[in-house]
Amino acid sequence: MARTSTEDLKSPVSIWREQDVIDGRKVDAFVAILRTRGCWWSWQKGCTMCGYNAASSRAVTPEHLRAQLQKAVQRYQGEPMVKLYTSGSFLDPEEVPLALRAEILSSFGTAERVLFESRPEFITSTNLDGIDPRSAVAIGLETANGEYLRRCVRKGFTVSDYAKAAEMLLERKIPLRTYLLLKPPYLSERAAVEDAIASIGFAGRFSESVSINPVNVQRDTVVDALWRRGNYRPPWLWSLVEVLRQGKTVTSARIMSSPSGGGTPRGVHNCDRCDRKILDAVLRFSFDQDLDGLEGMECGCRQEWTAVMDLQDAMGTAVDVARYLSDELEFE
Ligand code: SF4
Ligand SMILES: [Zn+2]
């Protein structure tokens, strides 16, 4: 891992503004990624698609975190929603010391809601007792299929660990956002679509919102190694549209997707002609939940997508068949 300078240790990884939703209202959101020791699991085996620990450092001290907080607060402009990410678990006391947790959450005085992420093992009564009432939690369940979670994502927790944590949040009326991964490695395109829809049905029972995260191939991950060899293709945007369309019918939770790397070879993509149009439609849907906006999008590559699904099924493979069959294998 690259060394992190002292100045970096005192600065958030990044800060930006975007929009999100609170109780059906579109609101401005302030997003800060704080640099911590990072996710403990990423230092053990780590999830197959996760390269987040590149932004973490074991040298971060509580003083560094305090300095990062100060810089974040200076740039905060009173947005109703604040999202504090740590590339790990905000509720892990090794990442964010207990003594700092309340200070961080209360620093954004005018926010109505403060969203942070946590693995389920840190969602305990001890950790939730007395927590800022504006808190909302995001858990990356990725898939509700236990076998896929263990073998394809290598998540390091089980579906029932998630359900237990989610129920605790429900009891305490702490809003939950569940992240689902579209197309974990080793799944064919069709299996990935079916898995995401089934997972929405499961996670929707506990969640206020379900965010579909299509895989974005991050460097130095298992998925990266597969992708470089042509053994993995990030999901098609057609698959994402299908998941949103069908997923909406199996849950009353808000479904959203804001794909990172969308329209690039490492991210969810179709073809150059339709990527932008479809990504825009996905973004609109994430706010208005209107399925009509996802209808009637056509492009020649749609036939290619259906052919790939059939071909993978016929061949019994999850590899990027189009890339294997083409003369040019392009690797970054
Ligand atoms: S739990 Fe989250 S942060 Fe940790 S390794 Fe998995 S995806 Fe990365
Ligand atoms: Zn297209």
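Quick look at the values:
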{"item": "Failed criterion for ALA203 (all others in (1) surrounded by fewer than 18 Cβ atoms within 10 Å (Cβ to Cβ); (2) over 30 Å from ARG273 (Cβ atoms); (3) not acidic (Asp, Glu) hold)", "result": "(1)"}
{"item": "Selected residue [farther than 22 Å from GLN246 by Cβ, more than 26 Å from the chain's Cα centre (by Cα) and not aliphatic (A, V, I, L, M)] from GLY300, GLY261", "result": "GLY300"}
{"item": "Number of the condition not met by LEU84 [criteria: (1) within 15 Å of ligand 1 (Cβ to nearest atom); (2) assigned to a helix (DSSP H, G or I); (3) aliphatic (A, V, I, L, M)]", "result": "(2)"}
{"item": "Pairs, first of a type in the set (Asp, Glu) in the stretch 75-89, second surrounded by fewer than 21 Cβ atoms within 10 Å (Cβ to Cβ), C-beta under 7 Å, six or more apart", "result": "GLU79/ARG17; GLU79/ASP28; GLU79/ALA29"}
{"item": "Every residue from the stretch 5-42 that is of a type in the set (D, E, K, R), surrounded by fewer than 17 Cβ atoms within 10 Å (Cβ to Cβ) and more than 15 Å from ALA136 (Cβ to Cβ)", "result": "GLU7, ARG17, GLU18, LYS26, ASP28"}
{"item": "Helices (runs of 4 or more DSSP H) contained entirely in the stretch 196-315, each with at least 1 residues that are modelled with pLDDT of 95 or more and within 16 Å of ligand 1 (Cβ to nearest atom)", "result": "222-228"}
{"item": "Residue list for the stretch 98-111, restricted to those being surrounded by fewer than 15 Cβ atoms within 10 Å (Cβ to Cβ) and either aromatic (Phe, Trp, Tyr) or part of a loop (DSSP other than H, G, I, E, B) (or both)", "result": "GLY109, THR110"}
{"item": "Filter result for LEU65 (away from ligand 1 (no atom under 16 Å from the Cβ), under 24 Å from the mean Cα position of the chain (by Cα) and within 18 Å of SER118 (Cα to Cα))", "result": "yes"}
{"item": "Inter-residue pairs, beta-carbon under 9 Å, first acidic (Asp, Glu) and in the stretch 211-234, second in a loop (DSSP other than H, G, I, E, B), 6+ apart", "result": "ASP220/GLY51; ASP224/MET49; ASP224/GLY51; ASP224/VAL217; ASP224/GLN218; ASP224/TYR232; ASP224/ARG266"}
{"item": "Positions within the stretch 11-38 being assigned to a loop (DSSP other than H, G, I, E, B) and not small (Gly, Ala, Ser), in sequence order", "result": "PRO12, VAL13, ASP23, LEU34, ARG35, THR36, ARG37"}
{"item": "Test: residue in the stretch 249-271 that is within 13 Å of ligand 2 (Cβ to nearest atom), of a type in the set (Val, Ile, Thr) and under 23 Å from LEU180 (Cα atoms)", "result": "yes"}
{"item": "Matching residues in the stretch 1-59 - criterion: being at positive phi and either charged (D, E, K, R) or in contact with a Leu (Cβ under 8 Å, 6 or more places away or on another chain) (or both)", "result": "ASP23"}
{"item": "Members of the stretch 39-62 found to be assigned to a loop (DSSP other than H, G, I, E, B), near ligand 1 (Cβ under 10 Å from one of its atoms) and not polar (S, T, N, Q), listed by number", "result": "CYS39, LYS45, GLY46, CYS47, MET49, CYS50, GLY51"}
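Each row is one residue, and each column tells you yes or no for (1) in contact with a strand residue (DSSP E or B) (Cβ under 9 Å, 6 or more places away or on another chain); (2) among the hydroxyl-bearing types (Ser, Thr, Tyr).
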position: TRP16; (1), (2): yes, no
position: ASP20; (1), (2): yes, no
position: ASP28; (1), (2): yes, no
position: ALA67; (1), (2): no, no
position: TYR76; (1), (2): yes, yes
position: GLU79; (1), (2): yes, no
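The values are calculated or read from the model by the stated rules, or taken from the named source; none is laboratory data. It should be emphasised that the depicted structure is a prediction, and the values quoted were computed from it without experimental measurement. Backbone-built Cβ (ideal geometry, glycine too); neighbour counts: all protein chains shown.
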